[in-house]
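Novice: Handing you a structure now.
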Amino acid sequence: MENIYSRTTQLIGNENMQTLQQAHVVIFGVGGVGGYVVEALARAGVGNLTVVDNDTIHPSNLNRQIYALHSTINQSKVDACKARVHDINPQCNVHAQSVWATPENIKDIFPQNTTYCIDCIDTITSKLAIIKACKEAHIPCISCMGTGNKFNPFAFKIDDISKTTVCPLAKTMRKLLKENNIQNVPVLYSTEPAQKVCAEEANGRHAPASISYIPAVAGNMLAGFVICKLLGVKI
């Protein structure tokens, strides 16, 4: 009988489908990259999602964020995220947490049954706190490095943090992780040097420049990586 996951089950089989439905993935940051991560996980059949983000949707998000619509401006990102996931799969358990992840509250955010963690936020102290918490709790995780000021979608790679190049955020994280004796952290990063921002258009803004397809590519790569890991697929 046809259902929303009929095509997926054809590809991966009933047992793997059940594995995804029983998994619980925590996603930190559901903006540009994180929104597409959640979208791909929900459409693949992951049955339990915890989404963490304390931001609201702004007009400047419309160019790249999947939850950003004129009808959702000023809404909480996690609320818009939860509504969309339930419109895809009403049976998916979505735990929306509108909080800022900090070293002080990070351990309280993770559900006890967390299967995987995906970090899609920009703040360095929070990224480090997420990775440290995952390592201490033996939760597998992957972290997204910088995607701003990027134009080439073919420059993204997933590799261990120790093997990253070019990306300034990855360089900073390498240093911090080394200082904290943390190893074996998979990350998504770009080998593309940052594009020069059009000065006359920046108009004093310090936020990274962006374009529609870059967060989508990064988010789908992260989701695909995690789904393969959950199913034991060698990549």
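Here's the yes/no breakdown for (1) small (Gly, Ala, Ser); (2) part of a loop (DSSP other than H, G, I, E, B):
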| position | (1), (2) |
| --- | --- |
| Gly34 | yes, no |
| Arg43 | no, no |
| Val51 | no, no |
| Ala101 | yes, yes |
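Novice: Taking the options Ser60, Ser98, Ser76, Ser71, name whichever one is at pLDDT 95 or above, over 18 Å from Ile227 (Cβ atoms) and buried (at least 17 other Cβ atoms within 10 Å of the Cβ).
Specialist: Result of the check over Ser60, Ser98, Ser76, Ser71: Ser76.
Novice: State whether one or more residues within the stretch 155-166 are among the charged types (D, E, K, R), in a strand (DSSP E or B) and loosely packed, with under 13 Cβ neighbours inside 10 Å.
Specialist: The answer is yes, given that some residue of the stretch 155-166 is among the charged types (D, E, K, R), in a strand (DSSP E or B) and loosely packed, with under 13 Cβ neighbours inside 10 Å.
Novice: For the stretch 64-89, how many residues are part of a loop (DSSP other than H, G, I, E, B) and either among the charged types (D, E, K, R) or within 18 Å of the chain's Cα centre (by Cα) (or both)?
Specialist: 5
Novice: The conditions are (1) modelled with pLDDT of 95 or more; (2) more than 21 Å from Cys81 (Cβ to Cβ); (3) part of a loop (DSSP other than H, G, I, E, B); (4) among the charged types (D, E, K, R), and Glu15 fails exactly one of them. Which is it?
Specialist: (3)
Residue by residue, here is whether (1) at pLDDT 95 or above; (2) among the hydrophobic types (A, V, I, L, M, F, W, C); (3) not in a loop (DSSP other than H, G, I, E, B) holds:
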{"position": "Lys196", "(1), (2), (3)": "no, no, no"}
{"position": "Gly219", "(1), (2), (3)": "yes, no, yes"}
{"position": "Leu230", "(1), (2), (3)": "yes, yes, yes"}
{"position": "Lys234", "(1), (2), (3)": "no, no, no"}
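Novice: Scan (1) over 18 Å from Gly31 (Cα atoms); (2) crowded, with 18+ Cβ neighbours inside 10 Å; (3) in contact with a strand residue (DSSP E or B) (Cβ under 7 Å, 6 or more places away or on another chain); (4) not acidic (Asp, Glu) for the single condition Ile106 breaks and write down its number.
Specialist: If we test Ile106 against (1) over 18 Å from Gly31 (Cα atoms); (2) crowded, with 18+ Cβ neighbours inside 10 Å; (3) in contact with a strand residue (DSSP E or B) (Cβ under 7 Å, 6 or more places away or on another chain); (4) not acidic (Asp, Glu), just (3) comes out false.
Novice: Check the stretch 190-208 and report whether any residue there is touching a residue at least 24 places away in the same chain (Cβ under 8 Å), crowded, with 21+ Cβ neighbours inside 10 Å and on the phi < 0 side of the Ramachandran plot.
Specialist: Scanning the stretch 190-208 turns up at least one residue that is touching a residue at least 24 places away in the same chain (Cβ under 8 Å), crowded, with 21+ Cβ neighbours inside 10 Å and on the phi < 0 side of the Ramachandran plot.
Novice: Report, by residue number, each residue of the stretch 23-56 that is hydrophobic (A, V, I, L, M, F, W, C) and in contact with a Lys or Arg (Cβ under 6 Å, 6 or more places away or on another chain).
Specialist: Within the stretch 23-56, just Val30 meets the criteria.
Novice: If you don't mind, there's one more thing I want to ask. Looking at Ile139, Ile211, Ile118, Ile130 in this structure, which one is more than 19 Å from Val33 (Cβ to Cβ), among the β-branched types (Val, Ile, Thr), out of contact with any Pro (no Cβ under 9 Å at 6 or more places or on another chain) and at pLDDT 95 or above?
Specialist: Sole residue among the options that is more than 19 Å from Val33 (Cβ to Cβ), among the β-branched types (Val, Ile, Thr), out of contact with any Pro (no Cβ under 9 Å at 6 or more places or on another chain) and at pLDDT 95 or above: Ile139.
Novice: Also, I was wondering about something else. Need the failing condition index for Val94 against (1) in a loop (DSSP other than H, G, I, E, B); (2) under 20 Å from Ala40 (Cβ atoms); (3) touching a Leu at 6+ places or on another chain (Cβ under 9 Å), just the number.
Specialist: (1)
Novice: Only one of Asn149, Asn184 is touching a residue at least 12 places away in the same chain (Cβ under 8 Å) and either exposed (fewer than 15 other Cβ atoms within 10 Å of the Cβ) or outside any loop (DSSP other than H, G, I, E, B) (or both). Can you tell me which?
Specialist: Asn184
The values are calculated or read from the model by the stated rules, or taken from the named source; none is laboratory data. As the structure is a computational prediction, the values presented were derived from the model and not from experiment. As a convention, Cβ positions derive from the backbone with ideal geometry for all residues, glycine included, and neighbour counts pool all protein chains shown.
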